[in-house]
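These notes are about the structure you will find just below.
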Amino acid sequence: MSDRKVKIALIGAGSGSFGPGTVRDVLLSEPLRECKLELALMDIVPEHLDDSAGYARWAKEQLDHDASITATTDLREALDGADFAVAAIEVDRYLYWSQDFHVPRKHGFRRVFGENGGPGGIFHALRNMGPMVEIARTMEELCPQAMLLNFTNPEHKLCEAVTRLTSIQAVGLCHGYFMGLHQIAGLLGMDAGDLDCVACGINHFTWFQQVRDRRTGEDLYPRLRQAECGGDWLADWHEMALARVLFRRFGLWPSPAPNHYGEYIRWADEFVASELQYFYDPADGHPWETGEIPEFVYSLTGNPHERPWRPEEGGGRDPREAPLEPSAELAAPIMESLACGVAHDLPAVNVPNRGAIPNLPDDMVVEVPAVADADGLCACQCEPLPEAIAALLRIQGSIHELIVAAFAERSKAELIQAVLLDPTVDGYRRAVEMVDEMLRLQSGILPPLE
């Protein structure tokens, strides 16, 4: 065992999406196992923290690991002396997401989802900027050389806030690249592992610049175009129709899925059946009034409407039921590189552009491939994006800059500018009314704006 001590602070350890997966990935890493490893779990909800700590100690025992595992509700205690901070935070996630989805639609803005783009994504970002910047500023004081690995959405907006407002190196991580990769593999009738692909853009709106056969080097884009043109338009409509239109008109395959990149496009709802995502009967009252949060339907994959008339009630899945296997997430590989010197190619990270995509702004956080080793993490140089695609993304870069300014300066005026700039917003009076309603509904969690 190495004498190197590595402390990893998992902030938001109670996250059902990323908490157990990150614990597994860290404990399954052979290079990290060679270090004196401390895993510090932190969450503001004690019962969630207890569940996470219990799972981590169970996994440690199953893997016969000698890592030190601590649990605390104190952010400073978790971050003190950390080498890495992994953030996966949300407060009342589905309550506020239901507002992000329904309130803009109530005011006439036809758009999909409500997580990363559109008016919903703007308010989602403002809610999470406060705690994310607090984490980064605490890191500046207690572990200024540590890297912040962020899983919290909206990735690009939050990483841009951290990199613009603090000195902390923030890297946003998302598995969306792999979703697009598997779509392409399916259309080509190939295994994803046989593809050599490069994608870049912004989080939840990347474009594959390269699709090649890993063994022969053959450019597979001609075959992909042929395969797409031969498909029935109604086949897998919800998951593929918008991708196919974007592919035909803009020339590159988009990623990860229409319910994500559709958030950035005014006309996306023509191709995405999004009404199910937070369906409820408003005659029975709004969820944020009744406290009854509607079920979140991520997509129509798997026919979620095909279910028993009276579904059985049940709690969340016990993470112990999941196999002790590594995920495809990139947090552990980055830690292995920086702490242990193991080189890794990373297909997608969210970092400040700094010229990686030549025709996008330098300070804008983009999603690009990167390499990591003992010397750090370095974004790979990409080709310029086609102008039509770059134009779509530049608008989002301006929106991000305005949202960060609205947060930092407590400026409602800059928030309204960001909303009015959004492609899915098509009415001034309705936009102002929507902003006022969202500020009122989420006043307990949003920063005060004047």
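No lab work stands behind these numbers, since they all come straight from the coordinates. None of these values were measured; they are calculated from a predicted model. No Cβ is skipped: glycine too gets one built from the backbone with ideal geometry, and neighbour counts run over all protein chains shown.
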Under a Cβ-only charge scheme (Lys and Arg +1, Asp and Glu -1), can you give me the dipole magnitude of region 73-117 about the Cα centre, in debye to the nearest 20?
640
Overall dimensions of region 237-391 as given by Cα atoms, namely Rg and Dmax in Å
20.8, 59
Sequence-distant lysines (8 or more away, or on other chains) whose Cα lies within less than 27 Å of Lys106:
Lys157, Lys412
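Express as a percent, rounded to the nearest 5, the fraction of DSSP beta bridges in the chain (both residues included) that run antiparallel.
Details: 25 of 49 bridges.
Within the chain, antiparallel bridges account for around 50 percent of the total.
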For region 358-450, give the magnitude of the charge dipole about the Cα centre (Cβ charges: +1 Lys/Arg, -1 Asp/Glu; no others), in debye to the nearest 20.
440
Centroid-to-centroid separation of region 359-379 and region 177-237 [C-alpha atoms, Å]
23
Among 200-211, 125-136, the order from most to least packed when residues are scored by Cβ within 10 Å on average
200-211, 125-136
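Using a 10 Å cut-off on Cβ atoms, rank the peptides 141-148, 439-446, 363-370 from the highest mean neighbour count down.
Most protected by this proxy first, the peptides run 363-370, 141-148, 439-446.
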Could you name the lysines in cross-link range of Lys5, using Cα to Cα under 16 Å and dropping any fewer than eight places away on the same chain?
Lys36
Mean projected area (nm²) from the convex hull of Cα positions in region 40-87 is 3.4
Computed P(r) (all Cα pairs; region 28-143; 5 Å bins; percent)
2, 10, 16, 16, 14, 13, 11, 9, 5, 2, 1, 0
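Determine the shape class of region 185-304: with a ≥ b ≥ c the square roots of the Cα gyration tensor eigenvalues, call it rounded for a/c under 1.5, and otherwise prolate if a/b is greater than b/c, oblate otherwise.
Values: a/c = 2.52, a/b = 2.39, b/c = 1.05.
Because a/c hits 1.5 or more and a/b exceeds b/c, region 185-304 counts as prolate.
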Counting Lys and Arg as +1 and Asp and Glu as -1, each charge on the Cβ, what is the dipole of region 111-248 about the Cα centre in debye, to the nearest 20?
320
With point charges of +1 on the Cβ of Lys and Arg and -1 on the Cβ of Asp and Glu, referenced to the Cα centre of region 44-200, which listed residue (Gly172, His65, Met139) lies farthest in the positive direction of the dipole?
Gly172
What ranking, highest mean first, results for peptides 403-409, 388-394 when packing means the other Cβ atoms within 10 Å averaged over each residue?
403-409, 388-394
Can you work out the base-10 log of I(q)/I(0) for the chain at q = 0.06, 0.08 1/Å, using the Debye formula on its C-alpha atoms alone?
-0.25, -0.46
